[in-house]
Amino acid sequence: MKLTLRFLLPLIASLGIMAFVLVPFVEHLMEVWFIRDLDIRSRLIGRSVGAEVQRLLSESTDMTTTRKKLLKILIKATDDERLMALEICDAEGQSFAKTDSFPSQINCQSIDQNHPFSGKVLQLPSGSIHFSFSPIERILSDSEDSQPRPLQEFSARILTMLPLKLLIIHDMSFVDRRSRDTKIYMGLVFLCVGLVIAFLSLVIARWSRTHWIQGVQKLLGGIRNSDDNEPFVPSNQDFLPIFKDVKALVKELEATRQLQDESRINWNPSTLKEILKKQLDGERIIVVSNREPYIHQNSEHGITIQKPASGLVTALEPILRACSGTWVAHGSGTADRQVVDTNDRVQVPPDHPMYLIRRIWLSKEEEEGYYYGFANEGLWPLCHIAHTRPQFRSEDWIWYVKANQKFSNAVCEEATDSAPVILVQDYHLALAPRLIRERLPGATILSFWHIPWPNAESFGICPWKNEILAGLLGSSIVGFHTQFHCNNFMECVDRYLEARIDRETNTIIYKGKATQVRAYPISIEWPPQVLQTLPTAVDCRRIVAERHGLSEACKIIVGIDRLDYTKGIIERLRAVEKFLEKDNSWSKKFVFIQIGAPTRSTIPSYRDFALEVERTVHHINDKYRKDNWEPIVYLPVHHEVDQVYHYLRAAELCMVTSLHDGMNLVAKEYVAAHDDERGTLLLSIFAGASRELTGALIVNPYDIDQVAEGIRAALSMSLDEQRERMRLMRSLVREYNIYRWAGRMLLDASRIRLHEQLRYVKGINHDTSPSTSEELIEHNLGVYSPGGILRI
């Protein structure tokens, strides 16, 4: 605004001065034009009225009658609004006839005999007038001697008055009116011209400034990314005079300036929107995953909406709420087809739509082969070291390829331009990045692997390991929860593919395309929206205790998982049993509530595991039941998010004993739920969350005695120690929330896009394949800075 005013005010002042100078000049010029016009008009009036006077005098015989007729002629002539008055004077300077409107200040003696027809402008009390006269030289013919005697006598008298003169007075008040109108019109003209000039100037100035800024950005980017072996020369010759100075300044600033620390950013939905707007030009995010965030089911009460118990949904749903976009997923609900439009889309969340779900339909054979077969009987046990043998069948692989193609096609259909930002989620869609890349080569694809990645020896079991690795390397970025998993992935690529790996920057060059491998520890939204509607921790304890018939003094322990053999549910149940074996004094003083959401029940290993959990629960309860108390409450049903948080908030202890887990968000949800800073977290060392939540009691889930001792330590822990540990964990979850997880990936995506733009600045053709490994690194290596945001 200041720049605009700084530009407009001098322009307005200049136009005002020009108007002030030009208006009097134009006014004078118009007055001269009007006087000249009135002079010409006076001559015409003189000739016209003079002819009438000649005719009248030549025909008249009586002086009195002649005067009356002359006066009528003069009055008739003054009907013109500009002609004010007329008077006829004789040779002796006496008035012969005049109109009543003739001003008294002017008479026949006012005539300048030496300047006939000359007009004068006189200022009278009544206003400005134009005064001129016209002579009437001859009014009789040469044959007057042949006329009758009375006429000859009258004509003789008339001849004594010759020559007659016609005095003409014009009213110049119309000139004053037109001068005022002219001033107004000229002011408006100057104003309009000024506004048009100002608008055009601002448009040109803004365009020039934008063009100049872009040029400066390219100049700075070229300087930053140049080196001594490849000096940068600006393509815009306008910057040559200041190039050396700018280069020296940039190098000096880069040497002294620290990149902005990510911890200083307040990560929230607004931050993500700002990143999309500034760093990614406002791109809409496309998320693609097997699981959908909302499932529509038919029930006896009509169509109900279910939100699945999934870490992936928990992590990604807040991102779509913040950034809008489209979530491409498999429509698995019984009523999913009933609520979509003709393009298989539905707006969610139902109560306040903020983004779209594009549903993919899979046949029963496709779902059996792709999802239950290859993904969950093959890749899932392969990546989780949980001692369950993976099953690989060629027919399952065929369905897996077809399903990945179907998801990829839907993503490409949802893309609104040729360079979208796409988040591919998890092991179900390992082939999708390469398939999308083939159709959208300009896309920025971020693939995130939500489960662990095994070492090279274990991964070598998979018959289609090369295809899976090549599919993932179609991504711009491949993300894992921990650096350990990143290292395993690069080891697999190094062993099974012909690719170049730069371990210093964690970048893989495969078929001329760079893929960055990054660790992005996933998290949850902060604060969780569900907490806004939940009762306090004290009320949640009371509600849960009343629901299960517990005494007020009874401590509550919870475990919340899907019924999956990787979650260590059997191990924690045995640890509870061992805890009671070691110290039976805790009988009736606690209860362990295990929520197990059913999942993948069609797979034999999952059905067998669910039965084993149920048998173990019955065994322990039968063994330690006392009066109406049982140590374990088993709830093998799906719970909504608010119900889960009720149990988390009510629990004095939460047990997360995964045998192998990518992250495990239940641990972070438990920490977020305890704003009263009470409670203890017992966490498996094999869960990715153990790298971050150091305030938890870290245990080896395979060591039953150690887990039992952890239960005892947690239930006996003082409130002060609970508060210190919980504060430490809450501060970390608050700072490293889901928005930061997504923001880091989006920032890295923006750096990749920026690097592609800088390649043009350096004159590199995207279609030209580098000839050496060093050129591959130079051409394809993304600009990455772990410490903060790269600003150009």
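Before moving on, here are some points about what is shown:
- Members of the range 278-290 that are in contact with a helix residue (DSSP H, G or I) (Cβ under 7 Å, 6 or more places away or on another chain) and touching a residue at least 40 places away in the same chain (Cβ under 8 Å): GLN279, LEU280, GLU283, ILE285, ILE286, VAL287, VAL288, SER289, ASN290
- Every residue from the range 602-613 that is open to solvent by 60 Å² or more (accessible area, probe 1.4 Å), in contact (Cβ under 8 Å) with a residue 12 or more places away in the chain and under 51 Å from the mean Cα position of the chain (by Cα): THR602
- Annotation note: Cβ proximity below 8 Å between a residue of the range 623-639 that is surrounded by fewer than 13 Cβ atoms within 10 Å (Cβ to Cβ) and a residue that is among the small types (Gly, Ala, Ser) (sequence gap 6+ or interchain) occurs for LYS626/SER587; ASN628/GLY549; VAL637/ALA597.
- Extreme residue, modelled with the lowest pLDDT, among residues of the range 313-342 that are among the hydroxyl-bearing types (Ser, Thr, Tyr) and surrounded by 22 or more Cβ atoms within 10 Å (Cβ to Cβ): THR314
- Among helices (runs of 4 or more DSSP H) entirely within the range 705-789, having at least 3 residues that are open to solvent by 50 Å² or more (accessible area, probe 1.4 Å) and modelled with pLDDT under 85 singles out 773-780.
- Of all positions in the range 386-393, at least one carries a residue that is modelled with pLDDT of 95 or more, open to solvent by 10 Å² or more (accessible area, probe 1.4 Å) and farther than 24 Å from ILE305 by Cα.
- Among the conditions (1) open to solvent by 50 Å² or more (accessible area, probe 1.4 Å); (2) more than 30 Å from LEU611 (Cβ to Cβ), the only one that GLY549 does not satisfy is (2).
- If you go through the range 686-704 and pick out every residue that is open to solvent by 70 Å² or more (accessible area, probe 1.4 Å) and either in contact (Cβ under 8 Å) with a residue 60 or more places away in the chain or under 15 Å from ILE569 (Cα atoms) (or both), you end up with 3.
- Just one of the listed residues (ILE40, ILE35) is out of contact with any helix residue (DSSP H, G or I) (no Cβ under 8 Å at 6 or more places or on another chain), in a helix (DSSP H, G or I), at pLDDT 75 or above and open to solvent by less than 60 Å² (accessible area, probe 1.4 Å), namely ILE35.
- Checklist (1) open to solvent by less than 50 Å² (accessible area, probe 1.4 Å); (2) touching a residue at least 12 places away in the same chain (Cβ under 8 Å) applied to THR536, failing item: (1)
- For the range 411-438, residues that are within 23 Å of GLY373 (Cα to Cα) and either assigned to a strand (DSSP E or B) or open to solvent by less than 30 Å² (accessible area, probe 1.4 Å) (or both) total 10.
Yes/no per residue for (1) under 40 Å from the mean Cα position of the chain (by Cα); (2) of a type outside the set (Asp, Glu):
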site: ASP676; (1), (2): yes, no
site: ALA696; (1), (2): yes, yes
site: ASP705; (1), (2): no, no
site: ASP720; (1), (2): no, no
site: MET745; (1), (2): yes, yes
site: ASP748; (1), (2): yes, no
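- Any hit, the range 361-369, residues being within 39 Å of the chain's Cα centre (by Cα), surrounded by 23 or more Cβ atoms within 10 Å (Cβ to Cβ) and at pLDDT 95 or above: no
- Among residues of the range 328-349 that are within 19 Å of LEU429 (Cβ to Cβ), those with a beta-carbon under 8 Å from a residue that is of a type in the set (Gly, Ala, Ser) at least six positions away or on a different chain give the pairs VAL328/SER289; VAL328/ALA410; ALA329/SER289; ASP344/GLY331.
- Flag if SER523 is without any contact (Cβ under 8 Å) to a residue 40 or more places away in the chain and at negative phi: no
- Candidates SER48, SER14: the one that is surrounded by 11 or more Cβ atoms within 10 Å (Cβ to Cβ), free of Cβ contacts under 8 Å to residues at least 12 places away in the same chain and of a type in the set (Ser, Thr, Tyr) is SER14.
- Subset of the range 560-597 [part of a strand (DSSP E or B) and in contact with an Asp or Glu (Cβ under 7 Å, 6 or more places away or on another chain)]: GLY596
The values are calculated or read from the model by the stated rules, or taken from the named source; none is laboratory data. None of the values given here were measured: they were computed from a predicted structure. FYI the Cβ positions are ideal-geometry reconstructions off the backbone, even for glycines, and counts take in every protein chain you see. The protein model used for the area step is the full one, side chains on, heavy atoms only, and it has no ligands, DNA or RNA in it. Shrake-Rupley method; radii C 1.70, N 1.55, O 1.52, S 1.80 Å.
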